[in-house]
1. So, R0 is 56 Å and r is the distance between the beta-carbons of residue 42 and residue 200; what FRET efficiency does that work out to, to 0.05?
2. Hey, what angle do you get for helix 57-74 against the long axis of the chain, alpha-carbon based, 0 to 90 degrees rounded to 10?
3. Quote the relative contact order of region 212-299 in percent (integer), defining contacts as alpha-carbon pairs under 8 Å separated by 6+ residues.
4. Does region 210-342 come out rounded, prolate or oblate by the C-alpha gyration tensor, with a ≥ b ≥ c the root eigenvalues, rounded set by a/c under 1.5 and, if not, prolate when a/b is larger than b/c and oblate if not?
5. Can you tell me the length gained on complete extension of the stretch residue 258 to residue 309, counting 0.36 nm per residue apart and subtracting the Cα distance?
6. How many percent of the alpha carbon pairs in region 214-276 exceed a separation of 20 Å?
7. Tell me, what is the percent relative contact order of the chain, built from C-alpha pairs under 8 Å that lie six or more residues apart?
8. In what sequence, highest mean first, do 231-244, 192-205 appear when ranked by Cβ atoms within 10 angstrom?
Ligand code: F6R
């Protein structure tokens, strides 16, 4: 049922204030977080030597977005594994590890094989999924349901933002025994409770993103630069554009720009730079200056009121988003890029909900 919408992807993008609310329902207290599925295992997780995130595609990107806050609040090293790559390498996993599997469907073959592998190696296995009763939910030792509601569009949108929120809540729960970060945790909890209204606000950019899509409709390629919390935003924004709009797009770590990608910059190739306020802001400002000096065709995503400071000459296209707690900013920042991918697809005449060659759940290796 698409209601008033033309496509499921569109409906699911616009549903995010609601899906995020259901993800958090009953789990946020004033200064703590309650995750029923995890509470008996928190002690083991706190004593683990390493936390490893394992997933594919968008689910991997969600874990990447939440990695910094988990590292910060837990003090435990957090590493990232794409499920197929972990299996290809037979990378080492130990009994002292906590392996966190992220999968919207809970049925992705690569992720489930990596789960078998981690179980054989004795790690504590945690599942984060949107599908109650899925293989992932059944075979892990414990876990958290994201409760985003059924996602029908092949391109994952609302599951992505709910996965980030769930992992941020997991970070709050794991770090709950540390006095030194209490104020930080309380600020994030407040940020979580305000997040749905900020997401409603950013969804008002729909028309603007359609206009931007119109200006990009005939182009062959799009780059997205991000760093820190928003490296994942760059990867995920580019993944959405390539999978539904069938346009080549690459998400890149802005810190790597001068190590190769800079050679691509000219007046024609559009480059989105995510430069919202956080500890990396001044570094992103200098990236923008360097791209500008090479006459790059810039589209800058910045915090409200920052248009002047990110683009002094006024020559870039600006996407202004509300500022939220730094670790939650990826939830807000992906939304204009989801809208852009959606409109680009419709304008280019492709199938939004069923991109060619793709299936909702990839149950083969
Ligand atoms: C992209 C997308 C895929 C999935 C990936 C993992 O929009 O949907 O990249 O994220 O196939 O699927 P799950 O999360 O079901 O394991």
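The numbers here are math on the coordinates, done by the rules we state, and not lab data. Being a predicted model, the structure only gives us computed values, none of them experimental. Here Cβ is always computed from backbone atoms with ideal geometry, including for glycine, and neighbour counts include all displayed protein chains.
1. For residue 42 and residue 200, the calculated efficiency is 0.95.
2. Tilt relative to the chain: about 70 degrees.
3. Here the relative contact order equals 30 percent.
4. On the way: a/c = 1.33, a/b = 1.10, b/c = 1.21.
Cα axes put region 210-342 in the rounded bin.
5. Details: separation 51, 0.36 × 51 = 18.36 nm, distance 2.22 nm.
The span from residue 258 to residue 309 would gain 16.1 nm if fully extended.
6. Values: 441 of 1953 pairs.
I get 23 percent for the Cα pairs in region 214-276 exceeding 20 Å.
7. In percent, rounded to a whole number, it is 20.
8. Details: 231-244: 26.2, 192-205: 17.8.
Taking the mean over residues of other Cβ atoms within 10 Å, the ranking is 231-244, 192-205.
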